[in-house]
Number of protein chains: 2
Amino acid sequence: MRSVSIIGTGCTVFGEHWNKSFRQLIAEAGIEAIQNAGVEGKDIEALYGGNMASGRFIGQEHVGALIADQLGLNPIPATRVEDACASGGVALRSGYMAIKSGEYDVVAVGGIEKMTDVGTDQAAIALGGAGDQETELFHGASFPALYALMARAHMNKFGTTEEQLAAVSVKNHKNAMLNPKAQFHREITVADVMKSSYIASPLKLLDCSPITDGAAAVILCETEKAKEICEQPIEIIASGQASDTLALPGRKNLYETMAARVAAKAAFEKAKLTPKDIDFAEVHDCFTIAEILAIEAIGFCEKGKGGPFTEQGKTALDGEIPVNVSGGLKGKGHPVGATGVAQAVEACIQLQGKAEKRQVKDAKIGLAHNVGGSGATATVHLFKAAEGRK
Amino acid sequence: MRSVSIIGTGCTVFGEHWNKSFRQLIAEAGIEAIQNAGVEGKDIEALYGGNMASGRFIGQEHVGALIADQLGLNPIPATRVEDACASGGVALRSGYMAIKSGEYDVVAVGGIEKMTDVGTDQAAIALGGAGDQETELFHGASFPALYALMARAHMNKFGTTEEQLAAVSVKNHKNAMLNPKAQFHREITVADVMKSSYIASPLKLLDCSPITDGAAAVILCETEKAKEICEQPIEIIASGQASDTLALPGRKNLYETMAARVAAKAAFEKAKLTPKDIDFAEVHDCFTIAEILAIEAIGFCEKGKGGPFTEQGKTALDGEIPVNVSGGLKGKGHPVGATGVAQAVEACIQLQGKAEKRQVKDAKIGLAHNVGGSGATATVHLFKAAEGRK
């Protein structure tokens, strides 16, 4: 069975890029990844682009072809994949399977979203398309409302507190201080979160990830070949994906995320590992409650204990299992289609020991967890450093 | 190397489905395909959905998860793929690679577009997102205009006539008469086409494919397993894909389609076949000129000779190489994200000898050619009947 490794990474600064277009952002990340991999454009055999809603954000579909064109990669096959905010994760998985299939040895995977070309109201409607527009968005349930229902259910079931939710945000803002590519460089306290305005109770402004422009890219390569050309390839040792009902009413309950649990289980089984073997994780904290749901679904802590686990510092950079050392979606920013790829970029940087001030000590195996909508899609990838060229 | 076959197909009637939703259409096609394959929902391990612009047509992204949900297939991985009007072709190719990768044995592939929930003006803008919205659509160049430029270039270079373009439409309408799932059941003459209104000179109303609602689905299975469970599996013997510049100005010329040529060449090389070996083809005739460009790019006739070749009846149902016996996009209809999958459905029906009045005699090997935008994406698939269960 063929194995797949990442041999190059690229990522733009995340933020509000009023002066950069969709094309410029993806070119910046893509060229950085190609150069970082030490390959040339002509070495790349296929391309997958993760993007959620370019149609409604910039009036443009067919962005797979656009990216290949912009990077001068024609005539290679170029395909956009979309699973809402998990678009980056499924793009990574598509590239991974394309190499495993034997069709290609070297594949580029990009993720991008240019979100600030429309107003916040239009962005909220576009993002609402990640849920069920008929039974949720049409009735006013945009994403803060959906995650607020999940937060409330978790609080009712397990006694999770608003302060524990706030602890997620405080940690991720603190980590983002150490990431030069993060959108926010501003430490916050639990008190700051608690006094920020309610968006959808119990979620407040500082419980919510921002609207972000950004792009990320990785170059994938069949592992044996990767070992020849790359000093420090990062092997994707497992890729899991699962789905759940699109809308919340179909779920068995709102205090756990089934798709994430199934995707994580699939990945752990494939890699013959357990959550205990993971040294750090990038998880999908689009809202603070989402990180708590994620660490429970993956199995870093017991079900229902994600709040205290976070509050006790166990997910901090120097904790038991560092979570979102990049700053996560809350601190680093959340350009939705880019997020899943940016998580893989962070995993590589950590496993290559190049994360500087936010370096996780003795990082050997990393995990990335990416979610679409309110959990209708989840991907889980596991990474480890492979022996490279001397 | 693992091989992939189609074991079941489903397709809705194509047309204006005012009384059916996106969900209903994909459920209809999906359930038909599952039943036709003789498998159950629980046998399906992953799903790929081809869809171009659900965000702008029905306000909904994340339709991979929606389809899995609607068909009761959770928690399997479900992914939307998009390459404009080639979304169906790339979805088929994604399913094909997922099985080749060894990750899955049985995968569902759907294609769908619900286009009539918005007005024609909004539909034209949504479809314009398949081209370059910055350098083409913004300046008024919607799709009829882009293909008109290509038609004019072909006429200038090769002497192709408007009557020859019309011959494509006449043939495809004639074929559609024999397809109960086609949108149009109305024979037309060259004179009818010639006197229809100009949309973008030289293209007239009857040179253009319609706005259509519809869905199609196939069930893919690893070929050895397919032979055990299916009476007549249809093997996908090759899958090619290529890209070109998103906008027309970047192309070397406008009278040929490079991506289609590269994708076809890749498919023929993989299958060790030539255009002469093909018994019938479904090609992407979004406009009449597109079919002429397609048959030249694939190599069914000499470059520049597609007009006379068609006029002489060589692509007719009883001709040298029957093209679009289903009625094609012009006669059968063009629900953009569904088209590439519907082409595969037609290939299966023909190779299984079940096409009744439109059956191609002695059909052994079929080809499907799907295009995104003005040719920035092209996929070419080759199919042949595999030995099945007795």
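We did not get these values from a lab; they are worked out from the coordinates using the rules stated. Values in this document were obtained by computation on a predicted structure and should not be read as measured data. Note that each Cβ is placed from the backbone with ideal geometry, even for glycine, and that neighbours are counted across all protein chains shown.
At q = 0.13 Å⁻¹, what base-10 log of I(q)/I(0) does the Debye formula yield for region A:124-268 when every alpha carbon is treated as an equal point scatterer in vacuo?
-0.83
Could you work out how far apart the two model spin labels at B:Arg389 and B:Lys265 are, taking each label as a point 7 Å from the Cα in the direction of the beta carbon, and quote it in nm?
In this crude label model, B:Arg389 to B:Lys265 measures out at 4.2 nm.
On a C-alpha basis, how far is the centre of region B:263-299 from the centre of region A:212-274 in Å? Whole number, if you could?
When both Cα centres are located, 37 Å separates them.
What do you get for Rg/Rh of region B:259-301 when both radii come from the Cα atoms and Rh is the Kirkwood radius?
Numbers: Rg = 10.2 Å, Rh = 10.6 Å.
We get a ratio of 0.96 for region B:259-301.
Computed over the Cα atoms, what is the radius of gyration of chain B divided by 2.2 N^0.38 Å, N being its residue count? Don't jump to the answer; show the numbers that get you there.
Values: Rg = 19.0 Å, N = 390, 2.2 N^0.38 = 21.2 Å.
Compactness ratio reported: 0.90.
Taking θ as phi - 60°, what are the ³J(HN,Hα) couplings along region A:151-159 by the Karplus curve (6.51, -1.76, 1.60), each to the nearest whole Hz, with x for Gly and Pro?
5, 4, 4, 5, 5, 5, 6, 10, x
How large are Rg and Dmax for region A:103-171 when calculated on the C-alpha trace, in angstrom?
Radius of gyration, then largest Cα-Cα span, for region A:103-171: 17.4, 50 Å.
Please rank A:Glu45, A:Glu291, fewest neighbouring Cβ atoms within 10 Å first, as an exposure proxy.
Values: A:Glu45 16, A:Glu291 29.
By the 10 Å Cβ count, ascending: A:Glu45, A:Glu291.
For region A:170-327, give the magnitude of the charge dipole about the Cα centre (Cβ charges: +1 Lys/Arg, -1 Asp/Glu; no others), in debye to the nearest 20.
460
What would the Debye formula give as log10 I(q)/I(0) at q = 0.08, 0.09, 0.10, 0.11 Å⁻¹ for the alpha-carbon point model of the protein assembly as shown, no solvent?
Computed log10 I(q)/I(0) values: -0.59, -0.74, -0.91, -1.09.
Within a 10 angstrom radius of the beta carbon, how do A:Asp105, B:Asp277, A:Asp318 rank from fewest other beta carbons to most?
Details: A:Asp105 19, B:Asp277 14, A:Asp318 9.
The order, fewest Cβ neighbours first, is A:Asp318, B:Asp277, A:Asp105.
Give me A:Ile292, A:Ile211 sorted ascending by neighbouring Cβ count inside 10 Å, so fewest comes first.
Values: A:Ile292 31, A:Ile211 20.
Listed from fewest to most nearby Cβ atoms, that is A:Ile211, A:Ile292.
Along region B:195-206, what does the Karplus equation 6.51 cos²θ - 1.76 cosθ + 1.60 (θ = phi - 60°) give for ³J(HN,Hα), rounded to whole Hz, x for Gly and Pro?
8, 6, 5, 5, 9, 8, 3, x, 7, 10, 3, 7
Nm distances between the label at B:Glu16 and the same-position labels in the remaining copies, 7 Å along Cα→Cβ, shortest first?
Label-point separations across copies, in nm and ascending: 4.4.
Return an integer: the convex hull volume of the alpha-carbon atoms of region A:71-139, in Å³ per residue.
Working: hull volume 7.7 nm³, N = 69.
Once divided by residue count, the hull of region A:71-139 is 112 Å³.
Averaged over peptide A:101-108, how many Cβ atoms belonging to another chain are found within 10 Å of each residue's Cβ? Let's see the in-between values first.
On the way: counts 12, 6, 10, 1, 0, 0, 0, 0.
Across the residues of A:101-108, the mean count of other-chain Cβ atoms within 10 Å is 4.
Give the distance, in whole Å, between the Cα centre of region B:23-64 and the Cα centre of region A:304-364.
First find each Cα centre; the distance between them is then 35 Å.
Please list the three semi-axes, largest first and in whole Å, of the ellipsoid equivalent to region A:192-301, using sqrt of 5 times the eigenvalues of its alpha carbon gyration tensor.
32, 20, 14
Could you work out the percent of alpha carbon pairs in region B:1-149 separated by over 26 Å, rounded to a whole number?
Counting every Cα pair in region B:1-149, those more than 26 Å apart make up 30 percent.
Shielding of B:242-255 by partners, i.e. mean partner chain Cβ atoms within 10 Å per residue? Could the numbers behind the result be given before it?
Numbers: counts 8, 16, 6, 8, 13, 2, 0, 0, 2, 1, 0, 0, 0, 0.
Mean shielding by partner chains, rounded to a whole number: 4.
Counting only helical runs of four or more DSSP H residues, what would the 222 nm mean residue ellipticity of chain B come to if each run contributes -39,500 (n - 2.57) and the total is spread over all its residues? Could the numbers behind the result be given before it?
On the way: 14 runs with 148 residues, N = 390.
Rounded to the nearest 500, the figure is -11500 deg cm²/dmol.
When averaged across all projection directions, what area in nm² does the alpha-carbon convex hull of region A:1-49 cover?
Details: hull surface 17.7 nm².
One quarter of the hull surface, i.e. the mean projection, equals 4.4 nm².
From the phi of every residue in region A:31-43, what ³J(HN,Hα) in whole Hz does the Karplus formula 6.51 cos²θ - 1.76 cosθ + 1.60 yield, where θ is phi - 60° and glycine or proline is x?
Once rounded to whole Hz, the list reads 5, 4, 5, 5, 5, 4, 6, x, 10, 10, x, 5, 7.
Among B:Ile112, B:Asn156, A:Ala266, whose Cα projects farthest towards the positive end of the dipole of the protein assembly as shown, with charges put on the beta-carbon of Lys, Arg (+1) and Asp, Glu (-1)?
A:Ala266
Let me know the shape class of region A:255-379, please: from the alpha-carbon gyration tensor, a ≥ b ≥ c as square roots of the eigenvalues, rounded when a/c is under 1.5, otherwise prolate if a/b is greater than b/c, or oblate. Write down the numbers at each step before the final one.
Working: a/c = 1.26, a/b = 1.18, b/c = 1.07.
Verdict is rounded for region A:255-379.
Going Cα to Cα from A:Lys354, which lysines come in below 17 Å? Please leave out same-chain ones fewer than 8 positions away.
A:Lys181, A:Lys364, A:Lys384
Which pairs in the list A:Lys100/A:Lys314; A:Lys252/A:Lys303; A:Lys305/B:Lys42; A:Lys252/B:Lys100; B:Lys157/B:Lys314 are over 26 Å apart, alpha-carbon to alpha-carbon? Don't skip to the end; give the middle numbers.
Numbers: A:Lys100/A:Lys314 36 Å; A:Lys252/A:Lys303 15 Å; A:Lys305/B:Lys42 33 Å; A:Lys252/B:Lys100 34 Å; B:Lys157/B:Lys314 22 Å.
Among A:Lys100/A:Lys314; A:Lys252/A:Lys303; A:Lys305/B:Lys42; A:Lys252/B:Lys100; B:Lys157/B:Lys314, the Cα-Cα distance tops 26 Å for A:Lys100/A:Lys314; A:Lys305/B:Lys42; A:Lys252/B:Lys100.
In the calculated pair distance distribution of region B:169-230, what percentage of Cα-Cα distances lie above 13 Å?
Values: 1359 of 1891 pairs.
The share of Cα pairs beyond 13 Å in region B:169-230 comes to 72 percent.
Mind pulling the angle between the C-alpha long axis of helix B:162-176 and the longest principal axis of chain B? Nearest 10 degrees, somewhere in 0 to 90.
30
Label points 7 Å out from Cα along the Cβ direction at A:Lys357 and B:Thr120: separation in nm?
Roughly 6.1 nm, to one decimal.
Quick one: angle between helix A:87-100 and the longest Cα principal axis of chain A, in degrees between 0 and 90, rounded to 10, please.
Helix A:87-100 sits roughly 30 degrees off the main axis of chain A.
To test your reading of the geometry: what angle, between 0 and 90 degrees and rounded to tens, separates the Cα axis of helix B:336-351 from the longest principal axis of chain B?
Around 70 degrees separate the two axes.
Between B:Tyr198 and the same site in the other copies, what are the distances in nm, shortest first, taking label points 7 Å from Cα along the C-beta direction?
Label point to label point, same position, other copies: 6.3 nm.
Long-range amide H contacts for B:Thr377: which residues qualify at under 5 Å (H placed 1.01 Å from N, peptide plane, sequence gap of 5 or more or a different chain)?
Distant-sequence amide H within range of B:Thr377: B:Asp244, B:Gly372.
Placing +1 on the Cβ of each Lys and Arg and -1 on the Cβ of each Asp and Glu in the protein assembly as shown, which of A:Gly49, B:Val39, A:Phe143 has its Cα farthest towards the positive end of the resulting dipole?
Among A:Gly49, B:Val39, A:Phe143, the one farthest towards the positive end of the dipole of the protein assembly as shown is B:Val39.
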